[in-house]
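Engineer: One structure, as structure tokens, below. Some questions next.
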Amino acid sequence: MRTFILLCLTCIIGTGAFLSALSAQNKLPAFLVGFGVWILFLYYFVKKISR
């Protein structure tokens, strides 16, 4: 259940970051946040599965 909640939060934050990159002049910070959230989620998920 916790993983599903983290997935939903990751989707919301990632979508917000990528949509904000569409209208930003400097897109790099938004892309870093968007991809960073997904990398952190995948790291957590792989670590949880490998136990």
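The values are calculated or read from the model by the stated rules, or taken from the named source; none is laboratory data. Just so we're clear, the structure is a prediction, and the values are computed from it rather than from any experiment. The protein model used for the area step is the full one, side chains on, heavy atoms only, and it has no ligands, DNA or RNA in it. Shrake-Rupley method; radii C 1.70, N 1.55, O 1.52, S 1.80 Å.
Engineer: Quick one: angle between helix 28-49 and the longest Cα principal axis of the chain, in degrees between 0 and 90, rounded to 10, please.
Structural biologist: Tilt relative to the chain: about 10 degrees.
Engineer: In the chain, what percent of the accessible surface is made up of carbon and sulfur (1.4 Å probe, ligands and nucleic acids excluded)?
Structural biologist: Ligands and nucleic acids excluded, carbon and sulfur give 77 percent.
Engineer: Could you provide, to the nearest whole Å², the per residue accessible area of the chain with probe 1.4 Å?
Structural biologist: 81
Engineer: Another question, if that's okay. Using alpha carbons only, how many degrees (0 to 90, rounded to 10) separate the axis of helix 2-23 from the longest principal axis of the chain?
Structural biologist: Orientation of helix 2-23: about 10 degrees from the principal axis.
Engineer: Report, please, the projected area of the chain averaged over directions, based on the convex hull of its C-alpha atoms, in nm².
Structural biologist: Across all orientations, the chain yields a mean hull projection of 3.3 nm².
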